[in-house]
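The values are calculated or read from the model by the stated rules, or taken from the named source; none is laboratory data. Everything quoted here is computed from the prediction, not taken from an experiment. Methodologically, a virtual Cβ is constructed for each residue, glycine included, from the backbone with ideal geometry; neighbour enumeration extends over all protein chains shown. Keep in mind that these areas ignore ligands, DNA and RNA; they rest on the heavy atoms of the full protein, side chains included. Shrake-Rupley method; radii C 1.70, N 1.55, O 1.52, S 1.80 Å.
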Amino acid sequence: MSFIPTSSFFSNATRSDRSSSRATRFGAAIAVGATIAAGAILGTGVASAAPVTCVSPPAANDIQVSDTASCGAKATGAGVATSSASESGTAVSVADGGRSTSNATGFGTALSAVLGAGTSYSYSLGGGISQSFATNGATSVAIAGYGGGATASTVTGVNCAGLNSFALDLSTGRSCIAGL
């Protein structure tokens, strides 16, 4: 008795090879997806730039850029402005009297300003947009995470939008939290 392969034998073998190939591609796609997700969770990613820090004084107007991260700080009078950014963040601080601080990471944008001996803090963590403004010795704090937006102002009040945002105006006690 001799074995003679039939056409169904070959078509089954081909289907098996195709299924194996699909399974391999599916497994590879899962591995790549898991690697990207792990990188996002751990804070690593494709966009990477050395951190930059801007301080005024001593510089009248300090602006620094490193790859995709950028910061700016400008102080007048007795003001002190500091800002720092990493990855693809942008941070800007301006102080006319008082102290202004901003920090941005990821694709975040943090803007901070103070007028007349106030204190203002703005933090954008991993992609949010935050803005703080303080006047006349008051303190404001705005923090925004990925997908969030926060505004804290001693003049216009507080506003939180999207996910992961917090804003506080200590002069009035007004605050908001969104998406936590």
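Among the residues of the stretch 136-167, the one identified as under 15 Å from residue 100 (Cα atoms), at pLDDT 95 or above and out of contact with any Phe, Trp or Tyr (no Cβ under 9 Å at 6 or more places or on another chain) is 138. Residue pairs whose Cβ atoms lie under 8 Å apart, separated by 6 or more positions or on different chains, with the first residue in the stretch 160-180 and over 11 Å from residue 128 (Cβ atoms) and the second open to solvent by 50 Å² or more (accessible area, probe 1.4 Å) and hydroxyl-bearing (Ser, Thr, Tyr), are 167/175; 168/175; 169/175. Scanning the stretch 54-66 for residues that are open to solvent by less than 50 Å² (accessible area, probe 1.4 Å) and assigned to a loop (DSSP other than H, G, I, E, B) gives a single hit, 59.
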